[in-house]
Amino acid sequence: MTLPDCVHAPSTADQRLLRRARRHCLQVLGGTFAAACLLPARALDLSDADMTAGLRAALERGAAAAVSLLGREDGFLGNPAVRIPLPDSLAQAAKLLRRLGQGKRLDALETSLNRAAEAAVPEAKPLLVDAVKTMTVQDARQILKGGETAVTDFFAGKTREPLGVKFLPIVTAATEKVGLVARYNAVASRASGLGLLSAEQANLQQYVTGKSLDGLYRMIGEEEKKIRQDPVATGSAILKSVFGALK
């Protein structure tokens with residue numbers, strides 16, 4: 001079949017230009033597509049079992065690191081990132097009490113808050129490890145590509161309330177060991193006598209429990225960041241496999 005007279009076949013030079021333009025477009029599109037899809041594609045190479053095992057390993061590693069860092073003398077007290085301050089209910093009263101010569105008593109109370117957390121944290125390790133086992137394959141799929149603390153955030157969302165319930169008796173026992181309640185009552189009584197605070201205004205056991213869990217999750221999150229940044233440095237094959245696929 002011949003072309004109409006008004007239509008001319010492209011010259012050899014034109015054909016070469018068309019081919020080059022087509023190749024260029026394909027390279028640009030291919031590069032853009034690859035850049036957008038490389039991470040999911042690599043992650044999809046992981047089996048469900050490996051993916052879940054890797055995320056559980058990250059949580060177990062983070063929990064162990066957090067307990068090791070926090071569950072010792074000055075683990076909380078000596079770490080500005082997680083040090084437990086006096087409750088807000090005492091903040092205003094504390095200023096006046098210090099001016100009235102009660103500074104040592106306030107310092108002793110703050111030290112006791114942190115000592116109670118330090119004493120309680122090691123007891124929570126089995127609870128943390130057991131909680132890790134609740135992660136499902138579906139959970140793993142949803143959080144695999146999250147932010148730098150996505151695993152920890154998921155863990156905290158799922159476990160904070162039940163861990164708090166289990167952690168509270170541990171904290172309560174620890175506060176009794178360090179004489180925290182007696183110290184608080186002494187300070188609260190003094191503040192109450194000045195009309196600054198009701199002795200029933202704060203529940204120290206709940207307060208210390210909450211702050212202890214805050215510290216735990218923060219340290220677990222810090223460990224997760226390290227794993228994501230350099231999974232090879234962990235020396236763990238499963239962590240390298242899972243988090244290496246996300247880099």
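The values are calculated or read from the model by the stated rules, or taken from the named source; none is laboratory data. Remember, predicted model here, so these are calculated numbers, not experimental data. Cβ placement follows ideal geometry from the backbone for every residue including glycine, while neighbour counts extend to all protein chains displayed.
In the list Ala116, Ala131, which residue meets the criterion of being under 27 Å from Thr152 (Cα atoms), crowded, with 18+ Cβ neighbours inside 10 Å and at pLDDT below 85?
Selected residue: Ala131, the only one of Ala116, Ala131 that is under 27 Å from Thr152 (Cα atoms), crowded, with 18+ Cβ neighbours inside 10 Å and at pLDDT below 85.
Restricting attention to the stretch 124-159, which residues are part of a helix (DSSP H, G or I), of a type in the set (Lys, Arg) and in contact (Cβ under 8 Å) with a residue 60 or more places away in the chain?
Lys125, Arg141
Taking only pairs six or more apart or across chains, which ones have beta-carbon atoms under 9 Å, a first residue in the stretch 90-107 that is of a type in the set (D, E, K, R), and a second residue that is surrounded by 12 or more Cβ atoms within 10 Å (Cβ to Cβ) and in a helix (DSSP H, G or I)?
Final answer for the pair search is Arg98/Leu106; Arg105/Leu97; Arg105/Arg183; Arg105/Ala186; Arg105/Val187; Arg105/Arg190.
Restricting the search to the stretch 98-112, which residues are within 14 Å of Arg83 (Cβ to Cβ) and not aliphatic (A, V, I, L, M)?
Step one: list which residues in the stretch 98-112 are within 14 Å of Arg83 (Cβ to Cβ), which gives 107, 109-112.
The answer is Asp107, Glu110, Thr111, Ser112.
Being touching a residue at least 60 places away in the same chain (Cβ under 8 Å) and surrounded by fewer than 20 Cβ atoms within 10 Å (Cβ to Cβ) is the filter here; which residues of the stretch 160-180 pass it? Walk me through it before giving the result.
As a first pass, look at the stretch 160-180 and keep what is touching a residue at least 60 places away in the same chain (Cβ under 8 Å): 175, 177-180.
Within the stretch 160-180, Lys177, Val178, Gly179 qualify.
Checking the condition among the small types (Gly, Ala, Ser), out of contact with any Gly (no Cβ under 6 Å at 6 or more places or on another chain) and closer than 12 Å to Val208 by Cβ, which residue from Ala81, Ala119 passes?
Working: Ala81 fails: closer than 12 Å to Val208 by Cβ.
Just one listed residue meets the conditions, Ala119.
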